[in-house]
1. What is the distance in Å between the Cα centres of the range 157-183 and the range 96-110?
2. Let me check I've understood the local charge: for M162, count other residues with C-beta under 13 angstrom from its C-beta, Lys and Arg +1, Asp and Glu -1. What total comes out?
3. Using the Karplus equation 6.51 cos²θ - 1.76 cosθ + 1.60 (θ = phi - 60°), what ³J(HN,Hα) coupling, rounded to whole Hz, does each residue of the range 143-155 give in order, writing x for Gly and Pro?
4. Using mean Cβ contacts within 10 Å as the protection proxy, how do 213-220, 94-101 order, highest first?
5. Kindly identify the range 167-234 as rounded, prolate or oblate by the Cα gyration tensor criterion: order the square roots of the eigenvalues as a ≥ b ≥ c, call it rounded if a/c is under 1.5, otherwise compare a/b with b/c, prolate if a/b is larger, else oblate.
6. Once R0 is set to 30 Å, what does the formula 1/(1 + (r/R0)^6) return for the Cβ-Cβ distance between E109 and E177, expressed as a FRET efficiency to the nearest 0.05?
Amino acid sequence: MKSALMGSLKFQIPQLNFHKTLKKPDLPCSSVITCSLRGRPRPPLWRAKRLSTEAIQAIQSLKLARSSAPRLEEVFNNKLSRLLKTDLLDTLAVLQNQNELDLALKVFEFVRKEGWYKPDILLYHAMIQLLGRNKMVEMAEEFFGKLENEGLKPDARAFTEMIGAYLQVGMIDKAMETYERMKASGCDPDKLTFRILIRNLEDAGKEELVDRIKKECGDYMDYPNKFLKEVERKKNVKRLVVDFF
């Protein structure tokens, strides 16, 4: 009886094929290697922070109205003007994160006109990075000038974003000039600065500049050899990913 029951159960349970060879996902390369200057994909903002309903609605309304200047103005007047400070800044951050350049530029200028606005270098970091990502170098330079006009002093991150913007379009001389200006201003290059310089200069085949930058790592960090090994490891991992897909 027991053996008959077991045989019946065995007959009814479908066999699972655990030995099936997994295929490579049919994805375009851009879905894997859409890296920012940081060398990794930018996670969606809403995964890290819960947006308010008002901010989500404002973002959706902006996207729907983008093709019509009157409708877009209506969204700014009726929706964005009613947002709390945090919701408005969240709206701007999401647009930056989603690479909505035109909308982000308009919202940034809207933020600057708010009564509570005070010059904030963090806002400029994000805008210069966004412009650099879209290869809008001249506009990135304008924003770098704007932060100084607003009484802000460029910090290491602002210089680094500008360096990255130049490297995005192959303006190596301008990138190195900004790097030297950065050091002369009293801002020490950090890991992000060196990572961006090394990776992009290697890609451009500028081995002499790469060697120089690697040597200078020791002047600004405690464990340069450990850092350089990590940079090399990430480069090899990226190469493997590219080869795989």
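1. 23 Å
2. Working: positive: R133, K146, R157, K174, R181; negative: E138, E141, E142, E148, D155, E161, E177, E180.
Local net charge: -3.
3. 5, 4, x, 4, 5, 6, 5, 8, x, 8, 9, x, 9
4. Order by mean packing, descending: 94-101, 213-220.
5. On the way: a/c = 1.92, a/b = 1.10, b/c = 1.74.
Note, shape of the range 167-234 comes out oblate.
6. Working: r = 29 Å, r/R0 = 0.96.
My answer for the efficiency is 0.55.
Here, each number is a calculation from the coordinates, and none is a lab measurement. Because the structure is predicted, anything quoted here is derived from the model rather than measured. All Cβ positions, even for glycine, are placed from backbone atoms using ideal geometry, and neighbour counts span all protein chains on display.
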